[in-house]
Amino acid sequence: MQVVTLLNEKGGVGKTTLAVHLAAGLAARGKRVLLIDGDAQGHSTIRTGLNKSPGFYDLLVRSADWGRTVFEIPAEKYGVPGERLPGGRLLVVPSNIETRSITSSMGSNVKELRNRLDELDGRVDVVIIDTSPTPSLLHGVIYSATDLIILPTTLSYTSFDGLVESLTHKEAADNFRINELKIEGIRVGGIVPVMYRKNTIEQDENLRSLNEQFGDLVWEPIPLRTLWTETESRRLPVWAIDPNSEAAFDAWNAVDRVEEVLSVRA
C-alpha cells in the first residue's frame with residue numbers, strides 16, 4: 001500500500017480535481033483505492049457524489065471502525081461509458097467542518113493516521129489524500145503517513161509561492177520522520193502544471209522556469225478546458241462525461257504518470 005498526498009499551500013490550484021481523478025482513474029484500472037478528504041471544505045467528498053460528513057474526524061478522534069467511516073463509490077460513477085465495469089474499488093473517507101478540530105481533539109499522536117492506515121495493509125493498494133491549502137498541525141499528521149507527494153500548481157507567481165512553501169514544510173517533515181519516527185523521508189512524485197493556457201507569454205515563461213528548476217519532476221501540463229468545470233456539478237470524472245474528449249485524454253495521461261511513479265502499472 002502506498003500513500004499519496006496532494007499538496008500546495010495555495011488554494012484554487014486543482015488539488016481536489018486532480019486527487020479525485022487520480023483516485024477514480026486508478027480504481028478504473030483495477031486498483032483498490034482509498035480517497036481521504038483531508039480538507040474541512042469537503043470538496044473531494046461532494047465531488048465523488050457523497051454528502052459531507054465527519055468520516056475523517058471519526059476515524060482519527062473517535063477511533064471509529066473503518067466500516068463506519070468509509071463509503072464505496074459505485075463503479076458506474078467512474079468507469080468509461082460503453083466499457084466493462086472496472087474491476088477495482090473506489091472508497092472514500094468523507095470530510096466536513098469537524099475536520100478543522102481533529103488535531104485539537106486527538107491529542108499529540110502524530111502517527112495516528114499512519115497507524116490507522118496500517119490496518120488496511122493488504123486490503124488497499126493506493127491511498128490518495130486531498131489536503132487543505134492552509135498549513136496546520138493536521139498537515140503534520142498527514143505528512144507522517146505519506147509516502148509520496150504530488151504538487152499541482154497553476155503557472156502563476158502565487159501558486160509557485162505555495163509550491164515552495166509546501167516543499168519547505170515537506171523538508172521539515174522529512175527531518176521529523178527520519179529523526180523521530182525513524183522512517184525515510186517523503187518522495188516527490190511530481191509537480192503538475194494545471195489550467196495551462198498555451199501560447200500565452202506569461203504561462204509559457206513560467207512553465208519553462210518550472211522545468212528549468214525541477215526538471216523531470218514536472219509532469220505534462222494539463223490544459224485549461226471547459227469540460228473540467230462540468231465535473232464539479234455532475235460529480236463525475238471527465239471520461240465519464242465524454243470519454244473521447246481532450247480533457248479525458250489529459251486526465252488519463254496524469255493517471256499514466258502516477259502509475260509510473262508508483263510502479264503499479266500493469
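Readers should treat all values here as calculations from the given coordinates under stated rules, not as data from a laboratory. Model, not experiment: these values are computed from the prediction. We place every Cβ from the backbone using ideal geometry, glycine too, and count neighbours over all the protein chains shown.
Above 29 angstrom, tally the Cα pairs of the chain and express them as a % of all pairs, no decimals. Mind showing how you got there, number by number?
Working: 9270 of 35245 pairs.
Within the chain, distances greater than 29 Å cover 26 percent of Cα pairs.
Mind checking region 1-100 for trypsin sites (Lys or Arg not before Pro) that DSSP puts in a loop (not H, G, I, E or B) and that have at most 10 other Cβ atoms within 10 Å?
Working: sites: K10, K15, R29, K31, R32, R47, K52, R62, R68, K77, R84, R89, R100; in loops: K10, R29, K31, K52, R62, R84.
Sites meeting the loop and neighbour criteria: R84.
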Let me confirm the definition first: pairs of Lys residues in the chain, 8 or more apart or on different chains, C-alpha distance under 28 Å. How many are there?
19
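When the helices in the chain are scored as -39500 (n - 2.57) per DSSP H run of 4 or longer and the sum is shared across all residues, what 222 nm value do you end up with, to the nearest 500 deg cm²/dmol?
Values: 12 runs with 114 residues, N = 266.
My calculation for the chain gives -12500 deg cm²/dmol from helical runs alone.
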Rank these for me by crowding, D121, D58, going from fewest to most other beta carbons within 10 Å.
D121, D58
Most exposed first by the Cβ proxy, i.e. fewest other Cβ within 10 Å, how do V261, V80 rank?
V80, V261
If amide H atoms are modeled at 1.01 Å from N in the peptide plane, then the residues at a separation of 5 or more from R89, or on another chain, having amide H under 5 Å from its own are K31, R32, V33
What number, in percent, do you get for the relative contact order of region 2-262 if the mean sequence gap of Cα pairs under 8 Å and at least 6 apart is divided by its residue count?
27 percent
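Taking neighbour Cβ counts within 10 Å as the exposure measure, how do L22, L137 sort from fewest upward? Don't skip to the end; give the middle numbers.
Numbers: L22 26, L137 13.
The fewest-first ordering by Cβ neighbours comes to L137, L22.
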